Structures are given as structure tokens and as C-alpha cells.
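Please read the structure below before turning to the comments.
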Amino acid sequence: MQLIFSVFKTLTDQTVTVELKNDLSITGVLKSVDQFLNIRLDNIKVSDENRHPHMMAVKNCFIRGSVVRYVQLPAEHVDTQLLEDATRRGVFCIRGSPSGC
Amino acid sequence: MEPAVASGIQEPFDLIRLSLSERVFVKLRGDRELSGILHAYDGHMNLILSDVEETVMIVDTESNQTINYAKRKWEMLFVRGDGVILVSPPSRS
Amino acid sequence: MSSLQGYVDRRVLLVLQDGRAIVGVMAGFDQRSNIVLSDCKERVFSMDEGVEEIALGLYLVKGDMISLIGELDEEIDSSVDLSTIRADPLQPIRY
């Protein structure tokens, strides 16, 4: 199922903050995402740059999906009703139920 | 308590489906817990939650005693499924 | 694939799963995000002394070991005096 992938696609060109499993938080403009939820961010800023100067000269980056812990999303661009409906439908599809999909 | 069949629960994911648009409790790896309103999930247990509060338990590794809790809040959050240990529906008490 | 194509022939910074930081020129990549880096150097961060650069030469880095790939702005990167930077190494990825 590609629900979450689709959600990220609709958020292209929005600003998100990605928190990695090494506790690094990177804010940037979402440029693209793929089926593995690998993420490309533009115009990035690392939070607490004094403690994390490692990426000072990095302007855009590719983050491997598997190292992501959280992504903070812009709430105003997320249609929660649509998500819930799609999630219900998606699950029915997977279980092969006859109910509408 | 309703019988499981009558309440429409036949398999584990049904329990999560019935929690859509409700507040859920999520336990994550790394001594993290979340409370938030569930809007989407998939088979990897990737989640999208709103009005989320995270509690991180900071454990002193030597004495193995909990020394502190750190709390953070977000309006809308994607949670990667590989960190999820459990999702618990809202209490109906 | 959220493509790595744009990074070919650019100077990039790789952050590995264990927290190491490696800079080099991306010579190529494949579907599994395995990466060939030429002229690469590891940047060793510490609180006690400035950043140390260790020349590694030509490397093939396995995709599974990579957590992040960043394109370096050469102007900014060359304007930074690494010997003045004090920072702990990045944490390893913990699942």
C-alpha cells in the first residue's frame, strides 16, 4: 500500500522537519520522496547547529527512509478526513473484502 | 465487553482501524511514548497523528532508575513504523 | 527513486549509520543507494581538537550503511576553517 507515500507526495514543496534516529533534526523544503520514503530536502537547516556543525555547508540532502524517526508535517496541508477514509479503504483492499474499492 | 466478532474485530489491524480519528497511545523504541489522534496508518505501522505529545523516559543506565521525563508536542506528525512497539486504542472507561 | 542523480560529480557529505562523516565526489550510485566516492576523506569531529581529515581515496559505500547524503556548497565549505570547529561526533543510528 502506498498511502503514506501519496501523502508525502502531496506535501512536495512544503516545509517539514525530519527527525532522524540519531536525534538530528533537519528542517527543509520537501523536494521529493520515493516508495522507500527516502526524502530529499532543499534549503536545509539543522536544529541546534552549534552542537551539530557537521552539515554547515550542506544546502540540500537525501535522507534514507530507514533512518527517519518522525516527520513533522504542516497540519494545514493535511486533510485528516481524507486520510482516514483512504486508510479505511486501503485496509479493506488488502483484506480482499468486497466493500467498495 | 462485546464479543470480538460483534464488534468487528477479527485481526490485529482491525483494532487500529477502529481507533481512526480517536486518541491512541503509542509505545516506541528508545523509551518513547506518544499520545495523539490517529488519522492514517499502513501495514508497516507507519502512523500519522495529530495533536501529539511525546514523552521520553530518560533512564540512568547505571542504576537503571528513571530519572526524568522530557515532553514535546507537535500539531501533525508522521511516525515511522519500524520504531513502533504497540498501538493502544483509547480507553473506553 | 527519490533520485541521487543530481549528486553525481558533486562534492557530497555522507553521514553513515555509525555516525561517521565522509566527504568526497560522488562518482556513481545504484538502485540500492550503494555509492562510489572519489577523493574522499573522513572528517573526525571531537570536542578536544579541531576536525581532523583523513584521506581515504576511492571508496564504495554500501547503501545500507548510509543515513544521509548532502550536497556541499563548495564556497561555504572552503571558507570554513575546520581546525576551529569543536563538536562531538554524530550519534550512531539507534533503532
Problem - Cα shape, region C:2-72, gyration tensor, a/c 1.5 rule - result: prolate
Practice task
Kindly write out, for region B:35-44 in residue order, the coupling ³J(HN,Hα) from the Karplus curve 6.51 cos²θ - 1.76 cosθ + 1.60 (θ = phi - 60°), rounded to whole Hz, with x marking Gly and Pro.
Solution key: 10, x, 8, 7, 10, 7, 7, 9, x, 8
Exercise for the section: List the trypsin sites (Lys or Arg not before Pro) within region B:16-89 that fall in a DSSP loop (any state other than H, G, I, E or B) and whose Cβ has at most 14 other Cβ atoms within 10 Å. Expected result: B:Arg29
Handout entry: Summed residue charge, Cβ within 13 Å of A:Val18's Cβ, Lys/Arg positive, Asp/Glu negative
Key = +4
Handout entry: Cα gyration tensor category, rounded, prolate or oblate, for region A:2-94 with a/c compared to 1.5
Key = prolate
Practice task
Sum up the charges of everything whose Cβ sits under 9 Å from the Cβ of C:Phe45, counting Lys and Arg as +1 and Asp and Glu as -1, but leave C:Phe45 out.
Solution key: 0
Completion exercise
For A:Leu73, the residues 5 or more places away or on another chain with a placed amide H closer than 5 Å to its own amide H are B:Met76, B:Leu77, B:Phe78
Practice task
For chain C, give the magnitude of the charge dipole about the Cα centre (Cβ charges: +1 Lys/Arg, -1 Asp/Glu; no others), in debye to the nearest 20.
Solution key: 440
Completion exercise
In a Gaussian network model of chain A with springs linking alpha carbons closer than 10 Å, the residue among A:Val46, A:Val78, A:Val68 that fluctuates most is A:Val78
Exercise for the section: Mind grabbing the base-10 log of I(q)/I(0) for the protein assembly as shown at q = 0.10 Å⁻¹? Debye formula, identical points on the C-alpha positions, no solvent, two decimal places. Expected result: -0.60
Fill in the blank from the handout: Going residue by residue through region A:61-71, the Karplus relation 6.51 cos²θ - 1.76 cosθ + 1.60 with θ = phi - 60° gives ³J(HN,Hα) values, rounded to whole Hz and with x marking Gly or Pro, of 8, 10, 10, 5, x, 5, 9, 7, 9, 10, 10
Problem - Label-point gap, in nm, between A:Lys9 and C:Ile85 - each point 7 angstrom along Cα→Cβ - result: 3.7
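Taken together, the values in this text are just the output of simple stated rules run on the coordinates, not laboratory data. Remember, predicted model here, so these are calculated numbers, not experimental data. A quick note on method: Cβ atoms are made from the backbone with ideal geometry, for glycine too, and the neighbour counts reach across all protein chains shown.
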